[in-house]
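Undergrad: A single structure is presented below for examination.
The values are calculated or read from the model by the stated rules, or taken from the named source; none is laboratory data. None of these values were measured; they are calculated from a predicted model. Here the Cβ positions follow ideal geometry from the backbone for every residue, glycine too, while neighbour counts run over all protein chains shown. Areas reflect the complete protein model, heavy atoms only, side chains present, ligands, DNA and RNA absent. Shrake-Rupley method; radii C 1.70, N 1.55, O 1.52, S 1.80 Å.
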Amino acid sequence: MSTRTAPMRINPGRFVVFATLAFAVCFYGIPLLWLFIAGTRSESSLLTQSPFALGDWDSFARTWTNLTTYNNFQILTWTVNSLIYVVGGVLLSLIACIPAGYALAASEFPGRRLVLIFTLIAMITPSTAVVLPIFLELNMLGLSNTYAGLILASGFFPFGVYLTYVYFSTSLPKGVMDSARVDGANRFQLFSRIALPLARPIIALVAFFSFLGIWSNYFLAFVLLSDDKLYNLPVGLTALVSGSGALSNLPSNDVPIKKPEVVLAAILVVLPVLLIFMAAQRFVRSGMLSGAEKG
């Protein structure tokens, strides 16, 4: 007696999900794949061979040497500058956002609603619209074209305040907080001993988004910095692509920057973002989910 195999049914919802994921992988993954492959090839092979043809170690080593030694190792200076801006800006964002979000979520005070409204307005305002006021303020304080000025401007992160507010509004254990108040805990003790230890997911989430914004920040750094020795990687990379006209003290014996060197410089900008995302993925996911649940 033969058994009839039931026909395979395709779930339309699952098909749409997988089709969307496949499109996203192709749309975003293929350019990244080409970027990493192109850094191992010579300029002539980029123009004549297949886009995804693999290069060789000698071409990569030559490209890396040309890039890192260009203009007295300036790309390394820009990398160090980017790390300084990121570390300082992320720390400043956390110091400002976490207590501010907790205060908005756990306290009732006059003007609280107005502060939330202004936070939302600042969050949805295009960043380019506030660059000029920030520049004028820092210039008045004598902080334009300085490390401290860009770090201070990068620490302005209203989105982080709102994320923290949402997290604490939905995830703070009300019973534990009330019990601590009955036991005589003051506001600072409630924050430092109860709220802060529970806030590791949102701290990671705010730090991640702050890192993304500061590391890839171009326009603010371009406006605030005029000395090429203070550039971050995005502004420095633009100077390289534009023919290095913004760079000073160019040695006459420098090898001209070509397409492989520009590609490799772009990898230096993209690679830390990928590594940080993979390292912080668990905390980012838990932070986003925790802020969407009632606790």
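Undergrad: Filter region 213-232 for residues that are within 13 Å of the chain's Cα centre (by Cα) and open to solvent by less than 50 Å² (accessible area, probe 1.4 Å); which is nearest to LEU132 (Cα to Cα)?
TA: So the residue we want is ASN217.
Undergrad: More than 18 Å from the chain's Cα centre (by Cα), open to solvent by 50 Å² or more (accessible area, probe 1.4 Å) and either in the same structural domain as GLY213 (by TED's automatic domain parsing) or at pLDDT below 90 (or both): does that describe ALA122?
TA: Considered against the rule, which asks whether it is more than 18 Å from the chain's Cα centre (by Cα), open to solvent by 50 Å² or more (accessible area, probe 1.4 Å) and either in the same structural domain as GLY213 (by TED's automatic domain parsing) or at pLDDT below 90 (or both), ALA122 comes out as no.
Undergrad: What's the number of the only condition in (1) modelled with pLDDT of 85 or more; (2) under 25 Å from the mean Cα position of the chain (by Cα); (3) more than 19 Å from PRO99 (Cβ to Cβ); (4) of a type outside the set (D, E, K, R) that LEU141 fails to meet?
TA: For LEU141, the exception is condition (2).
Undergrad: Assuming TYR28 fulfils every condition listed in (1) open to solvent by 70 Å² or more (accessible area, probe 1.4 Å); (2) farther than 30 Å from ARG200 by Cβ apart from one, which condition is it?
TA: Going through the list (1) open to solvent by 70 Å² or more (accessible area, probe 1.4 Å); (2) farther than 30 Å from ARG200 by Cβ, TYR28 breaks only (2).
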